[in-house]
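Have a look at the structure below, then the notes.
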Amino acid sequence: MASLVTGSSGFIGLNVVEALLARGDEVVGFSDTPLPLRALQEFARLPGKLRVVEGDVTEPGQIDAAMALHRIDRVIHGAAITAGLERDASDPQRIAAVNLGGTLNVLAAARKHNIKRFVHVGTGAAYGSAGLLDGGLLDEEAHTPRPVSMYGITKYAAEGSCLRLGELWNIEAVVGRLAMVYGCWEYETGLRDQMSLPLQALRVAARGAEAVAPSGGELRDWIYAPDVASALVMLLDAKSLAHTVYNIGTGAPFTLADWCEKLRAAFPGFRYRLSDNAAEWNVIPLAAAGRSPFAAQRIRTDLGFRPEFLLDRAFDHYVAWWRAHPD
C-alpha cells in the first residue's frame, strides 16, 4: 500500500516525500508541476519507491484516477496556494478553488477509495487576529481561530471540512497546523507568494549585501522543514489520536535578529538592520501582522514529537544543505 502526498512538488511536499522515502515507504506524489530534477535524483537514491502523478486537485477526476491507479491507503494533503495581499485581491476565486475546493475533491476521492488516515496540512494563518497575544502561546483549545487573509480563511474552512466530512464519511482525519516553516527544498513554485524570512536573509547574506527587515524583536516560531515532515508522518502513522487538531511547532521561538546574527558570523560582509520603512525592506514578510508562537505541548504529549533542529543545529544543517544545492 502507498501514501499519497498532494502538493508533492512544493516546499512542504518535498520534505514529506523525502521523509517517507527515507524509511522505505511507497509514495505517490500528486502535483500540477513536476518535481525538481535535483529532488528526483536525490530521492532515487533512497530506499522507498516514488511514483509521480501530475494532476490538479481542482479536477476531481484527476485525483480520483490517481487513487484508482495506485493502492493508496493514506493521504497527506498539502496542496495549497499560500497567497499574499496582492493575490488575495486579484484572484480570490483560485485561492478558494485550490485551498477549499481542492480539499473537498481529495476528501471525496478518499471516501470512494476507503482511505484510512487523512492528514490535512493546516497553517498558523488560520488563527488570524486571534493569534496576536500579549506574551502568550497559541493553544489549540484556548484560542479560536479568526482568520483574516484569504489564505487563512480558505485553509481554516478546509480543515473544518476535513474534520466534519471525516466524521460523516468514517475517515480518520487530522489537522496539523504548521508554524512558520523554513529550510530544505524551499523555492519559488508560483504558489507561495513570499519565501520565508530566514531564506530571504540567507540569500542576501550569500551576496555579501545588507538585509533590511521589518523592525521589532518579536519571537517567531520558525520550524525547520525536516521537523515538520517528521511531525506530519507521526500524524500519519499514529495508531490512535486523542485530538483532531495539532499545532506543529518547536516550543523554542527565536527572532529574525537571532538568525541574522548567525548569518553575520557565517558570511563575511553580511550586515543587517531593522527598519520601520517598508519601502526599504529587502526581507519581506508574507503578512503585515505577525503571530504569537505556538504552544506545542499537545503533539509532544500525544505523539512524543521532539524537534531535532532547533536554531543552532538547523542553521548549520541548512547552510550546508543550501550550499550543496545552488540550483
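Read through the list (1) touching a His at 6+ places or on another chain (Cβ under 7 Å); (2) farther than 24 Å from Y156 by Cβ, then give the number of the only condition that A266 fails.
(1)
Looking only at the range 198-243, filter to residues that are among the hydroxyl-bearing types (S, T, Y) and outside any strand (DSSP E or B); which one of those is farthest from H143 (Cα to Cα)?
Ranking the candidates gives S215 first.
I'd like the full set of residues that are buried (at least 20 other Cβ atoms within 10 Å of the Cβ) and either part of a helix (DSSP H, G or I) or of a type in the set (G, A, S) (or both), limited to the range 164-189.
Passing the criteria: G166, A173, G176, A179, G183.
Considering only helices (runs of 4 or more DSSP H) fully contained in the range 60-163, which possess at least 1 residues that are surrounded by fewer than 16 Cβ atoms within 10 Å (Cβ to Cβ), in contact with a strand residue (DSSP E or B) (Cβ under 8 Å, 6 or more places away or on another chain) and in contact (Cβ under 8 Å) with a residue 12 or more places away in the chain?
It comes to 60-69.
What single numbered condition from (1) part of a loop (DSSP other than H, G, I, E, B); (2) surrounded by 15 or more Cβ atoms within 10 Å (Cβ to Cβ) fails to hold for W259?
Every listed condition holds for W259 apart from (1).
Residue check: is T250 β-branched (V, I, T) and under 30 Å from E167 (Cα atoms)?
It is true that T250 is β-branched (V, I, T) and under 30 Å from E167 (Cα atoms).
Could you please find all residues in the range 272-302 being in contact with a Leu (Cβ under 7 Å, 6 or more places away or on another chain), more than 10 Å from V212 (Cβ to Cβ) and either part of a strand (DSSP E or B) or aliphatic (A, V, I, L, M) (or both)?
Residues satisfying the conditions are A289, F294, A295.
Residues in the range 239-290 that are among the small types (G, A, S), in contact with a helix residue (DSSP H, G or I) (Cβ under 9 Å, 6 or more places away or on another chain) and either within 25 Å of A130 (Cα to Cα) or modelled with pLDDT of 95 or more (or both): how many?
Total meeting the criteria: 9.
Going through the range 21-30 one residue at a time, which ones are buried (at least 23 other Cβ atoms within 10 Å of the Cβ) and farther than 17 Å from Q41 by Cβ?
V28, F30
Using the structure shown, decide if K116 is at pLDDT below 95 and among the basic types (K, R).
yes
Tell me yes or no: at least one residue of the range 6-24 is among the hydrophobic types (A, V, I, L, M, F, W, C), in contact (Cβ under 8 Å) with a residue 40 or more places away in the chain and not in a helix (DSSP H, G or I).
no
Would you check if Y246 is surrounded by 15 or more Cβ atoms within 10 Å (Cβ to Cβ) and part of a strand (DSSP E or B)?
Against the criterion (surrounded by 15 or more Cβ atoms within 10 Å (Cβ to Cβ) and part of a strand (DSSP E or B)), Y246 qualifies.
Look at A229 and say whether it is crowded, with 18+ Cβ neighbours inside 10 Å, closer than 28 Å to L4 by Cα and out of contact with any strand residue (DSSP E or B) (no Cβ under 8 Å at 6 or more places or on another chain).
Here the answer is yes, as A229 does meet what is asked.
Does the range 256-279 contain at least one residue that is within 22 Å of N15 (Cα to Cα), in contact (Cβ under 8 Å) with a residue 40 or more places away in the chain and touching an Asp or Glu at 6+ places or on another chain (Cβ under 8 Å)?
Among the residues of the range 256-279, not one is within 22 Å of N15 (Cα to Cα), in contact (Cβ under 8 Å) with a residue 40 or more places away in the chain and touching an Asp or Glu at 6+ places or on another chain (Cβ under 8 Å), which makes the answer no.
Cβ-Cβ below 7 Å, separation at least six or inter-chain, first residue in the range 290-308 and closer than 27 Å to G217 by Cα and without any contact (Cβ under 8 Å) to a residue 60 or more places away in the chain, second of a type in the set (K, R) and part of a helix (DSSP H, G or I): which pairs?
Once the first residue is closer than 27 Å to G217 by Cα and without any contact (Cβ under 8 Å) to a residue 60 or more places away in the chain and sits in the range 290-308, its partners that are of a type in the set (K, R) and part of a helix (DSSP H, G or I) give R306/R300.
So D193 fits all but one of (1) surrounded by fewer than 19 Cβ atoms within 10 Å (Cβ to Cβ); (2) of a type in the set (D, E, K, R); (3) at pLDDT 95 or above; what number is the exception?
So D193 meets the others, but not (3).
What number of residues within the range 309-327 are in a loop (DSSP other than H, G, I, E, B) and either free of Cβ contacts under 8 Å to residues at least 12 places away in the same chain or exposed (fewer than 12 other Cβ atoms within 10 Å of the Cβ) (or both)?
2
Hey, does the range 36-57 have a residue that's polar (S, T, N, Q) and surrounded by fewer than 18 Cβ atoms within 10 Å (Cβ to Cβ)?
yes
The values are calculated or read from the model by the stated rules, or taken from the named source; none is laboratory data. Model, not experiment: these values are computed from the prediction. In this analysis, Cβ positions are derived from the backbone assuming ideal geometry, glycine residues included, and neighbour counts consider all displayed protein chains.
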